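The values are calculated or read from the model by the stated rules, or taken from the named source; none is laboratory data. Keep in mind that this is a model prediction, so the values were computed, not measured. Cβ placement follows ideal geometry from the backbone for every residue including glycine, while neighbour counts extend to all protein chains displayed.
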Amino acid sequence: MPVDTNEFKAALRRGEQKIGLWLGLGEATTAELCAQAGFDWLLVDGEHGPNDLRSILDQLRVLAAFDPAVVVRPPSDDRALMKQYLDIGVRNFLVPMIESGAQASEVVRSVRYPPKGARGIGAALARASLYDTVSDYLSTASDEICVLVQVESRAGIAALDDILATEGVDGVFVGPSDLAADMGFPGQVDAAEVQETVIDALERIKASDKAAGILIGDAELTKKYQKMGIEFLAVGTDVGVFMTGLKALRRQF
């Protein structure tokens, strides 16, 4: 029995636009609430959210009962940590701070079994293979892992063509906040020079065979990216929605 088709990866390959929400609270209960709001995908943030392996596992288990695809952002491209994420069942990765084609290629190798990759053999003990009940897991798992890499520095932008040429990368996400800071505009993602770089990068990604992605807190910029047809577009965060709702409620009274 092969692993199930990764419908999120397949949709990105078809060029479909998927609207997502960032989960930064690190809690299974809030993830469960967000899963019922109608988003196409949810990102569990292990880079800036207070998540560890166990809390991510808890969220994966809760979210498995709902429709949104689950993307997980590890804190780095560390192969050993990604191996653990794979074994608990992560199939969609957004890997931060990618700055070269070679680095992107190593990320791809991390999620594939030998001889094409470097993933350790051990999923028979783990949730990924449903505890060794998916009989063809070793031979079919690699093809259903979705690799999204994050470009968020001047070095990453300079290497974008090499990253886009990397076999096995399914999409490239532009990180505007870190990019703005690296360009000398911390906290100013709407600065003209930053937006010029962001738009150029998104257009180059769109012109390739990879999917383009972004998250930004500005609603007007988000709508602009939506009209561009950005494939995996995050439109907010659980933290932001919760705080906005709390403040709106307080203002009423």
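If you filter the stretch 56-87 down to residues that are crowded, with 18+ Cβ neighbours inside 10 Å, closer than 18 Å to residue 237 by Cα and of a type outside the set (A, V, I, L, M, F, W, C), you find that the one that is nearest to the chain's Cα centre (by Cα) is 73.
Quick one: would you say residue 36 is part of a loop (DSSP other than H, G, I, E, B), over 28 Å from residue 206 (Cβ atoms), at pLDDT 95 or above and out of contact with any Gly (no Cβ under 9 Å at 6 or more places or on another chain)? Steps first, please.
On the way: part of a loop (DSSP other than H, G, I, E, B): yes; over 28 Å from residue 206 (Cβ atoms): yes; at pLDDT 95 or above: yes; out of contact with any Gly (no Cβ under 9 Å at 6 or more places or on another chain): yes.
Judged against the criteria, residue 36 is a match.
Is it true that some residue in the stretch 115-128 is part of a loop (DSSP other than H, G, I, E, B), of a type in the set (Val, Ile, Thr) and touching a residue at least 12 places away in the same chain (Cβ under 8 Å)? The answer is yes, given that some residue of the stretch 115-128 is part of a loop (DSSP other than H, G, I, E, B), of a type in the set (Val, Ile, Thr) and touching a residue at least 12 places away in the same chain (Cβ under 8 Å). Of all the numbered requirements in (1) among the small types (Gly, Ala, Ser); (2) in contact (Cβ under 8 Å) with a residue 40 or more places away in the chain; (3) within 26 Å of residue 42 (Cα to Cα), residue 139 misses one, and that requirement is (3).
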